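Asker: Sending over a structure as structure tokens; questions will come in a sec.
Throughout, read-outs are computed from the coordinates displayed, never taken from laboratory work. The structure displayed is predicted, hence computed values, not measured ones. Here Cβ is always computed from backbone atoms with ideal geometry, including for glycine, and neighbour counts include all displayed protein chains.
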Amino acid sequence: MADEYDVLLQFWQEQRNQARQTETQRATLTNLVLLVASAAIGLVVHQGLTDRSALVVTVGLTLLGVYGAVASMKFYERYALHLNEATFMRRRLDAQFPNLALETDRRSARDIHIRKHPRMYRIRLHYIWTALPLGIALTGATLTMIIIV
């Protein structure tokens, strides 16, 4: 019987680790997109907004931002999958060991957190992570339009 719980606990831990890894990959990709975008914007500014050869850079910047946003949404989807799987496993653990009160404690901690941070709690973090590369795409598109016009 203990082996079943050990297996369940190991699967729960693996899902949590996978969720963390997904968040790390998202952060790494976002940092890379920001680094390349900064260099691209610097290059465009250096070339000047009247040089049509900068269009290659600004269009690339737009595509990079779109790619970053889509990748960020995909990373969130994978994170949510692993978190949901871990949640189901935690609930099974809670059902097997009701004296630990895992779900009760989790709900209590979440309620306190929501009361302390009611506005910030409503802002979904993955929206912020997706808005960042979308801002880069918008910057690229704006620079493209300025160069064309």
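Asker: What nm distance separates the two modelled labels at I148 and Y67, each placed 7 Å from Cα along Cα→Cβ?
Answerer: Result: 2.1 nm between the two label points.
Asker: Further question on the same structure: Which net charge results for the neighbourhood of R122, defined as the other residues with beta-carbon distances under 15 angstrom from its beta-carbon, given Lys and Arg at +1 and Asp and Glu at -1?
Answerer: Net charge around R122: +4.
Asker: Something else: To the nearest 0.05, what FRET efficiency results for A80 and D3 with a Förster distance of 30 Å applied to their C-beta separation?
Answerer: 0.50
Asker: Three principal axis extents, largest first, for the C-alpha atoms of the chain, in Å?
Answerer: In descending order, the Cα extents are 72, 35, 17 Å.
Asker: Going by average Cβ density within 10 Å per residue, which order do the peptides 38-46, 97-105 take, highest to lowest?
Answerer: So the peptides 38-46, 97-105, ranked by packing, come out 38-46, 97-105.
Asker: List the residue ranges in the chain for DSSP H helices whose C-alpha atoms run 15 angstrom or more along the long axis and whose Kyte-Doolittle average is 1.0 or above.
Answerer: Helix filter hits for the chain: 125-148.
Asker: For the chain, modelled as a Gaussian network with Cα springs under 10 Å, which listed residue fluctuates most, T58, T50, T139?
Answerer: Of T58, T50, T139, the most mobile in the Gaussian network model is T50.
Asker: Report the Cα centroid-to-centroid distance between segment 85-149 and segment 3-72 in angstrom, as an integer.
Answerer: Spelled out, the Cα-based centre of one part sits 17 Å from the other.
Asker: Follow-up. Contour minus end-to-end for H46 and T24, with contour as 0.36 nm per residue of separation and end-to-end as the Cα-Cα distance?
Answerer: Gain on stretching H46 to T24: 4.6 nm.
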